[in-house]
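First up is the structure itself, then whatever we jot down about it.
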There are 2 protein chains.
Amino acid sequence: MSFQERKKKIVSAVNEAGSLSVFQLSEKLSMSPATIRRDLGDISDEGLLIRTHGGAMKVDDPVLTSFTGKSGSNENNKEAIGKLAAAFVQDGDIIFLDCGSTVFKMCRHLKNRNRLKVITNSLPVLAELFDAPGISINLIGGEFDKQRQAVHGERAVQHIDQYHAQKAFIGVDGLSAEKGLTAHSELEATITSAFVRNANEIFLLCDSSKIGKDSYIRFGSLAMIHKLITDKDLDNQINAAFREKGLEVVKG
Amino acid sequence: MSFQERKKKIVSAVNEAGSLSVFQLSEKLSMSPATIRRDLGDISDEGLLIRTHGGAMKVDDPVLTSFTGKSGSNENNKEAIGKLAAAFVQDGDIIFLDCGSTVFKMCRHLKNRNRLKVITNSLPVLAELFDAPGISINLIGGEFDKQRQAVHGERAVQHIDQYHAQKAFIGVDGLSAEKGLTAHSELEATITSAFVRNANEIFLLCDSSKIGKDSYIRFGSLAMIHKLITDKDLDNQINAAFREKGLEVVKG
DNA sequence: CTAAATTTGATCAAAAATAATCAAATATGA
DNA sequence: TCATATTTGATTATTTTTGATCAAATTTAG
């Protein structure tokens with residue numbers, strides 16, 4: 001039985017029972033407690049259940065479901081990218097978090113950081129992180145865009161320009177060695193540009209499906225980016241092309 | 001049974017009973033009093049209940065009631081006030097909406113307005129109104145306060161000062177003819193003051209339980225207010241005193 | 001106000017659970 | 001096929017949790 005099979009069984013068993021111990025699961029699935037523990041660790045990292053001492057309980061999110069990110073394409077790869085990216089965030093950091101589903105995936109892996117300051121225009125990010133005890137959030141003000149569930153516009157850019165962060169985690173709609181960073185919305189492009197010019201280190205989170213494709217607004221070059229964080233499916237030739245241009249690529 | 005499970009049981013038991021002693025909980029959950037005390041300490045640190053000598057009681061204003069916050073005391077009166085206040089909002093208006101449970105109650109009655117512009121620092125307000133087709137929202141930026149689920153601070157005040165609205169709908173923690181408007185948080189007081197100085201017409205929403213009582217920060221006089229919107233239980237003498245001072249009172 | 005009773009928080013040792021490590025088993029791929 | 005990588009289960013050291021004890025703090029009663 002593979003991990004993926006077990007994962008589904010574990011999640012549904014825990015959801016049904018409310019909570020189960022490692023030993024109950026171990027018996028139910030005929031697996032050793034060590035394996036169950038590993039599984040539970042992985043699953044709770046994804047937020048599908050809550051790890052407890054001795055077992056796990058189901059996650060009941062009575063809250064905030066209206067703002068939690070919509071799940072779309074390339075779910076697993078985005079999840080992996082989020083986890084990778086989160087590893088670059090340390091306690092005490094001040095970071096910009098863009099709106100966008102891949103950046104949103106980072107959040108769940110940031111919840112136990114301490115003294116972390118997050119500056120964001122994304123409501124899903126806020127909803128995910130606002131109750132984390134070690135994180136304080138600075139919300140960017142301006143016009144609220146209901147499509148993107150984020151704040152945009154002139155006022156938002158002004159707001160960002162008044163801050164400086166050590167690291168910025170951003171997303172794009174297209175990325176290629178030739179055209180650089182592209183977006184399909186002027187609003188998003190201006191916000192992302194503002195993040196870039198006010199942070200020391202820029203991390204671009206971009207799953208392989210967007211790489212090699214261009215959207216219609218060009219708003220930045222590869223030179224702006226310090227690290228590209230992407231997934232295991234990135235084409236090797238493209239990867240080589242990026243590296244040749246001096247871009248550091250982190251591949252899941 | 002893990003702490004996480006107990007925590008849920010304790011919180012719901014205390015919320016149901018209103019208050020419980022350490023020993024009642026100890027017996028109910030078959031745990032030693034020492035463990036219950038530790039749990040209560042942790043839980044009250046999160047603000048999910050209030051620690052008392054000998055036990056714990058439920059928190060009146062549940063901190064984490066999600067963004068769609070259902071509020072606590074005087075529910076019906078607040079609901080009525082909200083409806084009354086909403087009647088003063090017309091299509092095409094630009095309005096400030098404060099954070100606070102009474103102002104939040106207005107929102108439900110605003111959803112079908114057209115060309116309405118709402119400027120707010122309250123996440124519950126945003127959550128309630130963001131999908132209304134006729135309403136555009138300007139979110140005030142700044143430090144996010146997880147307790148109040150709203151944005152506060154210096155930056156937020158600057159933001160507000162860049163806008164002007166026809167009407168402001170605000171709340172207070174205490175109101176009396178003698179001391180005027182009072183609040184129990186500096187943060188809230190400065191935000192409310194900013195709304196007041198940048199709007200033409202100020203509507204104060206305040207249920208009768210807060211009238212005649214003073215909180216500890218005085219931040220405004222009755223003269224600032226154009227209309228007080230309150231409930232049917234307002235004492236007639238106090239009502240008369242307000243009117244004598246030139247305050248227009250709308251009573252439910 | 002003082003004294004008795006109760007409650008608490010701190011400390012400690014035992015028990016339980018975990019993470020880390022390693023070797024065997026299994027799967028993967030050239 | 002063989003070599004390599006991944007997954008699993010056992011072992012062990014570490015961490016977490018728990019209940020008991022006791023001095024200090026708080027409440028209650030006189």
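Sorted from nearest, the other copies put their B:D233 label points 5.9 nm away, the label point being 7 Å from Cα in the direction of Cβ.
Hull volume per residue, based on the alpha-carbon atoms of the protein assembly as shown and their convex hull, is 157 Å³.
Ignoring aspartates and glutamates fewer than eight residues from B:K9 along the same chain, the ones with Cα atoms less than 12 angstrom from its Cα are B:D39. Straight distance only, please: which aspartates and glutamates reach the Cα of A:K227 with their own Cα at less than 12 Å, same-chain residues fewer than 8 apart left out? Candidates past the 8-residue exclusion: A:E201, A:E248.
Short version: which residues of segment B:1-42 lose at least 50 Å² of accessible area, all chains versus chain alone, 1.4 Å probe? Those residues are B:Q4, B:E5, B:K8. With label points set 7 Å from Cα along Cα→Cβ, the inter-copy distances at B:P133 are 4.6 nm, sorted shortest first.
Between B:S12 and B:D233, the simple label model (points 7 Å from Cα in the Cβ direction) yields a spacing of 3.0 nm. Calculated mean residue ellipticity, 222 nm, the protein assembly as shown: -10500 deg cm²/dmol, from DSSP H runs (n ≥ 4) at -39500 (n - 2.57) each, averaged per residue and rounded to 500.
Is segment A:138-183 rounded, prolate or oblate when judged by the Cα gyration tensor, a ≥ b ≥ c being the square roots of its eigenvalues, rounded requiring a/c under 1.5 and prolate requiring a/b larger than b/c? In terms of gyration-tensor shape, oblate. A cut-off under 13 angstrom between Cβ atoms defines the neighbours of B:I229, and their net charge, with Lys, Arg +1 and Asp, Glu -1, is +2.
Average accessible surface for segment A:75-251: 39 Å² per residue, computed with a 1.4 Å probe over protein heavy atoms with every protein chain in place. The Rg/Rh ratio of segment A:3-58, with Rg taken over Cα atoms and Rh as the Kirkwood radius over Cα pairs, comes to 0.89. Dipole magnitude for chain A: about 460 debye, using +1 per Lys or Arg Cβ and -1 per Asp or Glu Cβ, origin at the Cα centre.
Each Lys or Arg adds one and each Asp or Glu takes one away; over the other residues whose Cβ falls under 10 Å from the Cβ of A:S122, this sums to -1. All other residues whose Cβ lies under 12 angstrom from that of B:K251 are scored, Lys and Arg at +1 and Asp and Glu at -1, for a net of -2.
Within chain A, the ratio Rg/Rh, alpha carbon atoms throughout and Rh by Kirkwood, equals 1.01. Note on B:E244 and B:K111: their simple-model spin labels are 4.4 nm apart, each label 7 Å out from Cα toward Cβ.
Label separation (A:H164 vs B:R37): 5.0 nm, computed from points 7 Å beyond Cα along the C-beta direction.
Counting protein heavy atoms only, chain B has 49 percent of its accessible area on carbon and sulfur, 1.4 angstrom probe. Among the residues of segment B:114-163, those with an accessible-area drop of 50 Å² or more from chain alone to full protein complex, heavy atoms and 1.4 Å probe, are B:F130, B:L139, B:E143, B:F144, B:K146, B:R155.
Pairs exceeding a 26 Å alpha-carbon distance, out of A:K111/A:K179; B:K83/B:K117; A:K105/A:K146; B:K167/B:K232; A:K146/A:K251; A:K28/A:K83: A:K111/A:K179; A:K146/A:K251; A:K28/A:K83.
For B:P33, inter-copy separations between label points set 7 Å beyond Cα along the Cβ vector come to 3.2 nm, shortest first. Applying both filters, DSSP loop and at most 14 other Cβ atoms within 10 Å, to the trypsin sites (Lys or Arg not before Pro) of segment B:194-252 gives B:K232, B:K245.
To the nearest hundred square angstrom, how large is the accessible surface buried between A and B, total for both chains, probe 1.4 angstrom?
So the buried area, both faces added, is about 2700 Å².
The values are calculated or read from the model by the stated rules, or taken from the named source; none is laboratory data. The model shown is predicted, which means the values in this text are computed figures rather than measured ones. Here the Cβ is made from the backbone with ideal geometry for all residues, glycine too, and neighbour counts use every protein chain on show. Areas reflect the complete protein model, heavy atoms only, side chains present, ligands, DNA and RNA absent. Shrake-Rupley method; radii C 1.70, N 1.55, O 1.52, S 1.80 Å.
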